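Student: Pasting in a structure now, in structure tokens, and then I'll have a few things to ask.
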Amino acid sequence: MRRQPITRLARLTDLYTNNLMEKKSIFEKDGVNYIVPFILITLCFALWGFANDITNPMVKAFSKIFRMSVTKGSFVQVAFYGGYFAMAFPAAIFIKKYSYKTGILVGLGLYAFGAFMFYPAILTGQYVPFLIAYFILTCGLSFLETSANPYILSMGDEETATRRLNFAQSFNPIGSLTGMFVAMTFIQARLNPLDTVERAKLDEASFEAVKHHDLLVLSKPYLMIGLVIAIVFLIILLYKKMPKNSEGGNKIEFVKTLKRIFSRKRYREGVIAQFFYVGAQITCWTFIIQYGTKILMSTGMEESAAEIMSQKFNILAMIIFCLSRFICTFLLKYFKPGKLLMNLAIAACILVGFVIGLRNIWGLYALVGVSACMSLMFPTIYGIALNKMGDDAKFGAAGLIMAILGGSLLPIAQAAIIDCGTICNYPAVNLSFIVPMICFVVVATFGFRTFTENN
């Protein structure tokens, strides 16, 4: 009779020990613990999240500062995500020849250099030097993402790779939230309050004075983040216990490797799905400013106040995105990634339908809700596409990073629709969200095909 409580205690102890070992296995491989390197590389996820989401509101800011159309302002995103596209495979070749750690360091160096380039851009007072700075900065981000994502995948057993990447990616929205807050508090709120119409009426001298003030305000946060990145660069450079198991040799068979990785149907479809997912994410987060401003101005709010309020909705969307990422990472323990991806993409399509169809505050709430669906998508598509690719993951990662080009091209398509003003007497800003809706259909299809292949 007395042995029963002892037996139960023993079972509970075994259960706790097994759970603890399961948690440890996420960061362990072959008996080696990678928790400290995991933390350092995960910090990079937050840092590129900051860059992504301090930049999204800059489409509206540059359009106002330089008195440009939304389409011309969206070239910020072309330069930003064009850097990802241009540098992805060169980064993969570099990483293949050297190591993930070296790739991380090069990425941080280019990130800092691009941020510091904002100072000479201020002195010119022209739009193009800022685009060049963004391009250099995101060449660094391309190195970071091409290195960091597969590096995280390698820091433990392959069975837990998708969970580990989702966990690391959970800290990306924290950086994004910080970027949004900085954009709202230290940029948008401090720009000259003159709206677009009033700026158009200024004489050349007055316009130049206002423009210089606003460019200085816009650039200061980028200069500060450049200093932060330089510090992180030194910490990772001096830390001597980074994993070496993912370092490659000097032999590079670029064409053969490309043929091999793109012969994999799941990888090919993953690249396509990633292209459209990133396009959907950037369009939803960039043009929430235009959408929200239009709706809030219809209630009598002034343009500058409506822009700041729209950015608050954008921050709310990111908070929901961040919380949903942790929830979805937990759900991956119980649901297959493809099935969860498919269901969330379908839900996103439904919410975007409300964004298009509604012309009041509820449409803005629906647009905020889309972020809850998007939280799982990037790392899950990434993990599915790279699953069991071994050392080819270095080049496979580059293809998936190049797919971020969707964030460069699709916002232009949506901006061109917004610039129409109205289409058949319906607000073009509402109709423009047909672009992310199409993107989510593609993602849902990829999730469905992945799920059904495994059944």
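The values are calculated or read from the model by the stated rules, or taken from the named source; none is laboratory data. Values in this document were obtained by computation on a predicted structure and should not be read as measured data. Using ideal geometry, Cβ is built from the backbone for each residue, glycine included, and neighbour counts are taken over all protein chains shown. Please note that ligands, DNA and RNA were not included when accessible areas were found on the heavy atoms of the full protein model with its side chains. Shrake-Rupley method; radii C 1.70, N 1.55, O 1.52, S 1.80 Å.
Student: So which residues in the range 103-126 are touching a residue at least 24 places away in the same chain (Cβ under 8 Å), over 21 Å from the mean Cα position of the chain (by Cα) and open to solvent by 30 Å² or more (accessible area, probe 1.4 Å)?
Tutor: If the condition is that a residue be touching a residue at least 24 places away in the same chain (Cβ under 8 Å), over 21 Å from the mean Cα position of the chain (by Cα) and open to solvent by 30 Å² or more (accessible area, probe 1.4 Å), then PHE116, TYR119 are the ones that fit.
Student: Condition first: within 20 Å of PRO427 (Cβ to Cβ), open to solvent by 70 Å² or more (accessible area, probe 1.4 Å) and not polar (S, T, N, Q). Now tell me which residues in the range 294-321 satisfy that.
Tutor: Correct list: LYS294, MET297, GLU302.
Student: Right, here's the next one. Name the residue that is nearest to PHE276 (Cα to Cα), counting only residues in the range 326-343 that are part of a helix (DSSP H, G or I) and out of contact with any Ser or Thr (no Cβ under 9 Å at 6 or more places or on another chain). Lay out the reasoning, then the answer.
Tutor: Quick first cut of the range 326-343, residues part of a helix (DSSP H, G or I) only: 326-331, 337-343.
Pick out the ones that are also out of contact with any Ser or Thr (no Cβ under 9 Å at 6 or more places or on another chain) and you get 330-331, 343.
Working: PHE330: 25, LEU331: 24, ASN343: 16 Å.
Ranking the candidates gives ASN343 first.
Student: Return the residue satisfying two criteria in turn: it lies in the range 361-400 and is open to solvent by 10 Å² or more (accessible area, probe 1.4 Å) and not in a helix (DSSP H, G or I), and of such residues it is nearest to MET87 (Cα to Cα).
Tutor: Ranking the candidates gives MET389 first.
Student: Can you tell me which residues in the range 168-227 are small (Gly, Ala, Ser), touching a residue at least 24 places away in the same chain (Cβ under 8 Å) and in a helix (DSSP H, G or I)?
Tutor: Within the range 168-227, ALA168, GLY175, SER176, GLY179, ALA183, ALA189, ALA200, SER219, GLY226 qualify.
Student: Moving on to the next point. I need the full set of residues from the range 136-173 which are surrounded by fewer than 24 Cβ atoms within 10 Å (Cβ to Cβ), under 27 Å from VAL78 (Cα atoms) and in contact with a Ser or Thr (Cβ under 8 Å, 6 or more places away or on another chain), in order please.
Tutor: Correct list: SER170, PHE171.
Student: Still on this structure, please answer the following. Go through (1) under 29 Å from the mean Cα position of the chain (by Cα); (2) outside any helix (DSSP H, G or I) and name the single condition MET301 misses.
Tutor: (1) is the only condition that MET301 fails.
Student: A further question follows. Please specify each residue of the range 435-455 satisfying the condition of being crowded, with 24+ Cβ neighbours inside 10 Å and either more than 17 Å from TYR382 (Cβ to Cβ) or not small (Gly, Ala, Ser) (or both).
Tutor: Scanning the range 435-455 gives PRO436, CYS439, PHE440, VAL443, PHE446, THR450.
Student: Ok, one more. Within the range 257-280, which residues are assigned to a helix (DSSP H, G or I), in contact (Cβ under 8 Å) with a residue 12 or more places away in the chain and open to solvent by 30 Å² or more (accessible area, probe 1.4 Å)?
Tutor: LEU258, ARG260, PHE262, ARG266, GLU269, ILE272, PHE275, PHE276, listed by residue number.
Student: Given ILE384, ILE404, ILE418, which one is modelled with pLDDT of 90 or more and either farther than 22 Å from VAL271 by Cα or of a type outside the set (D, E, K, R) (or both)? Quick ask: steps written out before the conclusion?
Tutor: Numbers: ILE384 fails: modelled with pLDDT of 90 or more; ILE404 fails: modelled with pLDDT of 90 or more.
Residue meeting the stated conditions: ILE418.
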